[in-house]
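The values are calculated or read from the model by the stated rules, or taken from the named source; none is laboratory data. Everything numeric here is computed off the predicted structure, so don't read it as measured data. Glycine gets a Cβ as well: all are built from the backbone with ideal geometry, and neighbour counts include every protein chain shown.
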């Protein structure tokens, strides 16, 4: 039981670090390139303003550009985890099931075998 808890803790720590790496990859590398290819769009600036900022009140807006970045983040992380699990499962040796012993003969079969043997003797 203890080994499973430690494995889970290590997985959570590595997953958190991996998530940060993928977030940086998306925000700093992929989205700027994608924005240039689409026409110079900066995805982090895409938003629909509902109420503009006035005085001490902050702006209220739908930040759909940040949502698009999060979706790309999720897709990359999920694809990476899928490929990792697929790799691990292909490397794992498949356990060979020992051949099942034939079932013990039933009582009728034993009796028929005895009768056959007796008939052969006569």
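Determine whether residue 115 is part of a helix (DSSP H, G or I), touching a residue at least 40 places away in the same chain (Cβ under 8 Å) and surrounded by 10 or more Cβ atoms within 10 Å (Cβ to Cβ).
no
Taking region 1-54 only, how many residues are at pLDDT below 85 and not in a helix (DSSP H, G or I)?
Total satisfying the criteria: 5.
Answer yes or no as to whether residue 65 is outside any loop (DSSP other than H, G, I, E, B), at negative phi and surrounded by 11 or more Cβ atoms within 10 Å (Cβ to Cβ). If you could, list the steps in order and put the result at the bottom.
On the way: outside any loop (DSSP other than H, G, I, E, B): yes; at negative phi: yes; surrounded by 11 or more Cβ atoms within 10 Å (Cβ to Cβ): yes.
Yes: the conditions hold for residue 65.
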